[in-house]
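Each remark here refers to the structure printed beneath this line.
The values are calculated or read from the model by the stated rules, or taken from the named source; none is laboratory data. Please read these numbers as outputs of a predicted model, since none were measured by experiment. A quick note on method: Cβ atoms are made from the backbone with ideal geometry, for glycine too, and the neighbour counts reach across all protein chains shown. Note: areas computed on protein heavy atoms with side chains; ligands, DNA, RNA excluded. Shrake-Rupley method; radii C 1.70, N 1.55, O 1.52, S 1.80 Å.
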Amino acid sequence: MKDTQSGHSGRIGPNAVLQLLPVLEAAGGAALRDELLQAAGLNEPPSDTGLMDEGPAAAMHRALRARLPGRAPDLLREAGARTGDYILAHRIPGPAQKVLKLLPPALAAPVLAKAIEKNSWTFAGSGEFRVISTRPLVFELTDNPLIRGETAPHPICGWHEAVFDTLFQTLVDKRLRTRETKCTASGNGVCRFEITRD
């Protein structure tokens, strides 16, 4: 299926939508949740197995920013943290998590970064994700489908920041924090994420 707004096609993990639904319901009840599902062109939540078309996921994130501009950053961060929790519970094997937690952060961080890069299709869709550096940790996402075509005076990829925060704070060092330092929505060529220790 093609995202008619952007002219791109791609698939993304359904947690870009699924983990947002309970956050929306807590913020504004079933009415808000259903309103944004409808804005995304979805009659029901996507299946939690396999991938989904990235167009509706992007439309839901876009609709939330338009509908609740003041609250959207926090709501999207909450959904991103929930997505990170889902990944920890269902996608990263327990033994691998134990090994990462036992390693010194300087060794664990690059291992986790490379694993994220290998599986980036789940959150990057038709965009391109790259690990630019592991010391310091720097990621870049080109043509991020969740914000494609949007404009803002500041970075708006809080959902991605929160996913990375949850994974790195849990598996590497709880003092790590992700900051988006460049965003295509604010006129940059890439969305750039830097993970540093507070």
query: In the range 151-182, which residues have a backbone nitrogen under 16 Å from the label point lying 7 Å from Lys101's Cα in the Cα-to-Cβ direction?
result: 166-175
- line: Rh (Kirkwood, all Cα-Cα pairs) for the range 145-198, Å, reads 11.5
- request: Treating the angle as unsigned and between 0 and 90°, give the value, to the nearest 10°, between the Cα long axis of helix 158-171 and the longest Cα principal axis of the chain.
  value: 30
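Show me 10-23, 83-96 ranked by packing, highest mean number of other Cβ atoms within 10 Å first. Don't jump to the answer; show the numbers that get you there.
Details: 10-23: 22.1, 83-96: 14.2.
My ranking of the peptides, most packed first, is 10-23, 83-96.
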statement: Quick P(r) readout (the range 80-181; Cα-Cα; 10 Å bins; whole %) gives 14, 50, 29, 6, 0
- line: Given the candidates Trp121, Leu103, Ala81, the one whose Cα lies deepest towards the positive end of the charge dipole of the range 74-174, counting +1 at each Lys or Arg C-beta and -1 at each Asp or Glu C-beta, is Leu103
statement: Note: probe point = Cα of Ala27 + 7 Å toward Cβ; backbone nitrogen < 16 Å; residues of the range 54-81 passing the test are 57-81
Förster radius 41 Å - calculated FRET efficiency between Thr49 and Thr142 (Cβ-Cβ, nearest 0.05): 0.90
task: Run the quick spin-label model on Arg175 and Ala89: label points 7 Å from Cα toward the beta carbon, then report their separation in nm to one decimal.
output: 3.0
field: List Trp159, Trp121, ordered by accessible area with a 1.4 Å probe, largest first
entry: Trp121, Trp159
query: How far is helix 54-67 tilted, in degrees, relative to the longest principal axis of the Cα atoms in the chain, given as a value from 0 to 90 rounded to the nearest 10?
result: 80
- request: Find which of Ala162, Ala40, Gly149 sits farthest along the positive direction of the dipole of the chain, computed with +1 on the beta-carbon of Lys and Arg, -1 on that of Asp and Glu, about the Cα centre.
  value: Ala162
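Give, rounded to the nearest 20 debye, the magnitude of the charge dipole that the chain has about its Cα centre when Lys and Arg contribute +1 at Cβ and Asp and Glu contribute -1 at Cβ. List each step's numbers first, then the result.
Values: 24 positive and 22 negative charges, 134 e Å.
Roughly 640 debye, rounded to the nearest 20.
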message: Can you tell me the orientation of helix 21-39 relative to the chain, as the angle in degrees between its alpha-carbon axis and the longest Cα principal axis, to the nearest 10?
response: 50
query: At each listed q (0.11, 0.14, 0.19 Å⁻¹), what is the log10 of I(q)/I(0) that the Debye formula gives for the range 1-159 modelled as equal alpha-carbon point scatterers?
result: -0.47, -0.75, -1.27
